[in-house]
1. Looking only at the stretch 458-484, which residues are crowded, with 18+ Cβ neighbours inside 10 Å, not in a helix (DSSP H, G or I) and not hydroxyl-bearing (Ser, Thr, Tyr)?
2. In this structure, is LEU140 open to solvent by 10 Å² or more (accessible area, probe 1.4 Å), in contact with a Leu (Cβ under 9 Å, 6 or more places away or on another chain) and assigned to a helix (DSSP H, G or I)?
3. Which ones in the stretch 181-192 are in a helix (DSSP H, G or I) and in contact with a Leu (Cβ under 7 Å, 6 or more places away or on another chain)?
4. Within the bounds of the stretch 423-434, is there any residue that is of a type in the set (S, T, N, Q), more than 21 Å from ALA203 (Cα to Cα) and assigned by the TED database to the domain that holds SER289?
5. Here is a check on your reading of the model: is VAL195 open to solvent by 40 Å² or more (accessible area, probe 1.4 Å), modelled with pLDDT of 85 or more and of a type outside the set (S, T, N, Q)?
6. Which number in (1) of a type outside the set (Asp, Glu); (2) open to solvent by 50 Å² or more (accessible area, probe 1.4 Å); (3) at pLDDT 85 or above; (4) not assigned by the TED database to the domain that holds LEU41 marks the one condition that ARG257 misses?
7. Scan the stretch 444-456 for residues that are part of a helix (DSSP H, G or I) and open to solvent by less than 40 Å² (accessible area, probe 1.4 Å) and jot them down.
Amino acid sequence: MPENRDRSNHVLVWEQAEMATDEGVLPAKRFGTRHYIVFMLFLGMANAYVMRTNMSVAIVAMVNQTAIEKDAEVFDDECPDTDYGEDTHDSGQDGEFIWSTSMQGYILSSFFYGYVITQIPFGLLAKRYGAMRFLGWGMLINSVFAFVVPVAARQGGAGWLIAVRFIQGLGEGPIVPCTHAMLAKWIPPNERSRVGSIVYSGAQFGTVISMPLSGLLADHGFDGGWPSIFYVFGIIGTVWSIAFLLTCHEDPVTHPRIREDEKKYIQQSLWGNASVHIPPIPWTSIAKSLPFYAILLAHLGQNYGYETLMTELPTYMKQVLRFSIKTNGVLSALPYLAMWLFSIVVGWVADWMLTSGRVNHTWTRKISNSIGQYGPAIALIIASYTGCSRALTVAILTVGVGLNGGIYAGFKINHLDITPRYAGVLMAFTNCSANLAGLLAPIAAGNIIEGKPTIAQWRIVFVIAACVYLFTATFYNVFASGARQFWDDPENDEPQKPSIEAPSHSEANGNNGTTLTHRTVNEQTS
């Protein structure tokens with residue numbers, strides 16, 4: 001696409017007349033630039049979750065478990081004491097540090113404090129200055145500081161380690177809002193379900209890779225074992241960050257090597273949003289938007305329910321069923337694997353529903369989200385009545401978390417439907433709020449079962465989480481929308497003055513039938 005630029009970073013766009021359709025003309029089916037961007041974002045999401053979870057594995061090898069005082073753990077005696085004794089051997093490792101359980105909690109949580117507080121700032125900055133560099137440089141900071149973790153722990157103790165993990169969290173803050181902002185610029189509407197599922201399923205892929213590999217490195221790695229976890233993943237993260245910064249670009253307009261047919265297809269499919277000046281964020285309209293609140297509540301319910309599923313069910317199986325799923329690496333990774341695979345399947349099915357013309361965006365999102373949230377809710381209720389059946393509980397955990405993958409073609413990608421230009425900003429707000437809500441799950445469970453981890457008390461924990469899932473999913477089904485909202489319609493924008501003058505009549509006629517469209521393109525818009 002020929003284009004002219006001036007110092008104000010606006011572009012005068014020439015368009016082929018036959019390309020001016022609502023969805024654009026699909027380019028040849030081959031690996032395109034947008035597919036490479038999706039692949040890199042998937043790896044970035046996987047890398048982010050590796051960095052987030054590797055400390056939980058490493059700290060087991062770092063701490064001298066036999067040297068710290070342990071409070072007597074309360075167990076329920078309703079279920080027979082079968083093979084629980086096998087788990088006690090896991091705590092016999094002698095690490096370098098004598099950190100209390102509470103101190104270990106501070107170390108593990110320090111990353112998330114840094115991660116949460118940067119969500120909204122980076123969402124706003126990405127909208128104003130572009131998402132790609134914030135994402136790349138943030139993950140580079142996260143990866144480089146991984147090399148500092150062993151030094152900080154050994155030379156500065158827990159305090160320095162907490163500071164380093166906090167900085168890593170700050171660096172990872174851009175990952176979700178900036179990823180969302182880039183998807184809004186690169187992915188046509190009818191590809192968003194499968195692309196969103198693929199990209200965000202990198203979280204489960206990273207977890208599946210991180211947990212067993214971190215365990216192997218802790219036992220057989222160099223420099224004492226556990227430091228190799230941070231060195232290896234630090235190298236991987238650094239390589240990805242540099243490759244991302246060097247090979248990826250903010251949007252199709254600024255990419256120097258994208259094919260012309262693919263560029264036109266993306267721009268036309270996105271309702272021209274990549275070719276229109278973005279006005280200030282319409283805060284008042286967003287604050288009155290029920291579709292936005294539908295996404296927000298669904299996100300809150302998802303994080304609360306997911307944290308209950310993934311953090312509390314293993315505790316239930318340890319305290320009540322007298323069996324720890326964490327002793328088996330395959331079973332530990334199985335729920336994440338199920339969610340990863342199912343989310344990709346749901347994404348493809350959702351996009352097929354859209355391209356077939358049988359179902360619109362609104363109903364596609366609602367159907368996918370219902371599977372992703374009603375499914376786990378039912379699983380939690382069933383799990384509270386499985387009694388002492390360990391095998392059945394593991395199966396319920398796997399099915400429940402697997403069905404949870406439906407959210408990626410549901411509310412998770414819905415920001416891009418209702419507001420492509422402000423998707424990163426909205427994701428920053430919903431993701432920040434949801435992460436705070438997720439912290440409530442272990443707090444609520446801890447208060448309910450403290451001193452009395454009976455099946456009846458645990459049933460209360462599961463039913464509360466199920467009710468949160470059910471309420472938020474139902475609210476979403478009532479008020480969600482897959483239609484682009486009026487406050488993000490480019491046709492309602494105030495007209496912008498062209499950055500440069502139109503070429504002469506003779507110049508226009510020399511472009512083989514192309515027509516001139518007076519539209520300005522801000523290079524940093526979404």
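1. The answer is ALA480, GLY482, ARG484.
2. Details: open to solvent by 10 Å² or more (accessible area, probe 1.4 Å): yes; in contact with a Leu (Cβ under 9 Å, 6 or more places away or on another chain): yes; assigned to a helix (DSSP H, G or I): yes.
Yes: the conditions hold for LEU140.
3. Those that are in a helix (DSSP H, G or I) and in contact with a Leu (Cβ under 7 Å, 6 or more places away or on another chain): MET182, LEU183, ALA184, ASN190, ARG192.
4. There is no residue in the stretch 423-434 that is of a type in the set (S, T, N, Q), more than 21 Å from ALA203 (Cα to Cα) and assigned by the TED database to the domain that holds SER289.
5. Details: open to solvent by 40 Å² or more (accessible area, probe 1.4 Å): no; modelled with pLDDT of 85 or more: yes; of a type outside the set (S, T, N, Q): yes.
So VAL195 does not fit the description; no.
6. Here ARG257 clears every test but (4).
7. Taking the stretch 444-456 first, the residues part of a helix (DSSP H, G or I) are 444-449, 455-456.
Residues satisfying the conditions are ALA444, ALA445, GLY446, ILE448, ILE449, ILE455.
Results for (1) open to solvent by less than 30 Å² (accessible area, probe 1.4 Å); (2) modelled with pLDDT under 85; (3) outside the structural domain of ARG52 (by the TED database); (4) not hydroxyl-bearing (Ser, Thr, Tyr), shown as yes or no for each residue.
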site: GLY225; (1), (2), (3), (4): yes, yes, no, yes
site: TYR231; (1), (2), (3), (4): no, no, no, no
site: ILE236; (1), (2), (3), (4): no, no, no, yes
site: LEU246; (1), (2), (3), (4): no, no, no, yes
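The values are calculated or read from the model by the stated rules, or taken from the named source; none is laboratory data. Being a predicted model, the structure only gives us computed values, none of them experimental. Note that we place each Cβ from the backbone using ideal geometry, even for glycine, and neighbour counts take in every protein chain shown. Ligands, DNA and RNA are stripped out before the accessible areas are found, and what is left, the full protein with its side chains, is counted by its heavy atoms. Shrake-Rupley method; radii C 1.70, N 1.55, O 1.52, S 1.80 Å.
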